[in-house]
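S.K.: Here it is, the structure in full.
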Amino acid sequence: MFRIWYKLIKDNHMLRDIVIEDDSDKTRTHKVFDSLTEACYKFDIQKPIWLDVTVSDFKRFSKARFMQDAFIETIDFDYLEMEVIEE
């Protein structure tokens, strides 16, 4: 089971969260991208852009934060955080 926890954070408070589970035979990368798409759909926000710093953080820590610079439109939260909680 592959599980990723997504959180919308504003002023150090969690506004919303969701855990996306995937037990398919897809690659880890496909599971991450598919879960991000699903989380953004459920949060009703646009999908963020993967910046180099975000990619390196995710590779090193299995955790990433998408700040305002990863979104094209203005966001009403401080950042979207994703964290792999089970592989």
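S.K.: Just the accessible area per residue of the chain, please: how many Å² with a 1.4 Å probe?
M.R.: The answer is 65 Å² per residue.
S.K.: While we're here: In the chain, how many lysine pairs have Cα atoms under 22 Å apart, counting only pairs 8 or more places apart or on different chains?
M.R.: Count of close lysine pairs: 19.
S.K.: Quick check: at a probe of 1.4 Å, how many percent of the accessible area of the chain sits on carbon and sulfur atoms?
M.R.: C and S atoms contribute 48 percent here.
S.K.: Could you tell me which residue out of Thr74, Met1, Phe43 lies farthest along the dipole of the chain toward its positive end? Charges go on the beta carbon: Lys and Arg +1, Asp and Glu -1, centred on the Cα centre.
M.R.: Farthest towards the positive end: Met1.
S.K.: Same structure, new question: Please determine, in degrees from 0 to 90 and to the nearest 10, the orientation of helix 28-43 with respect to the longest principal axis defined by the Cα atoms of the chain, where the helix direction is its Cα long axis.
M.R.: Tilt relative to the chain: about 40 degrees.
S.K.: Over the Cα atoms of the chain, what is the Rg over Rh ratio if Rh follows Kirkwood?
M.R.: 0.94
S.K.: Counting only C-alpha contacts under 8 Å and six or more residues apart, can you give the relative contact order of the chain as a whole percent?
M.R.: On the way: 129 pairs, mean separation 34.3, N = 87.
Relative CO of the chain lands at 39 percent.
The values are calculated or read from the model by the stated rules, or taken from the named source; none is laboratory data. Remember, it's a predicted structure, so these values are computed and weren't measured experimentally. No Cβ is skipped: glycine too gets one built from the backbone with ideal geometry, and neighbour counts run over all protein chains shown. To get the accessible areas, we keep the full protein, side chains included, count just its heavy atoms, and leave off ligands, DNA and RNA. Shrake-Rupley method; radii C 1.70, N 1.55, O 1.52, S 1.80 Å.
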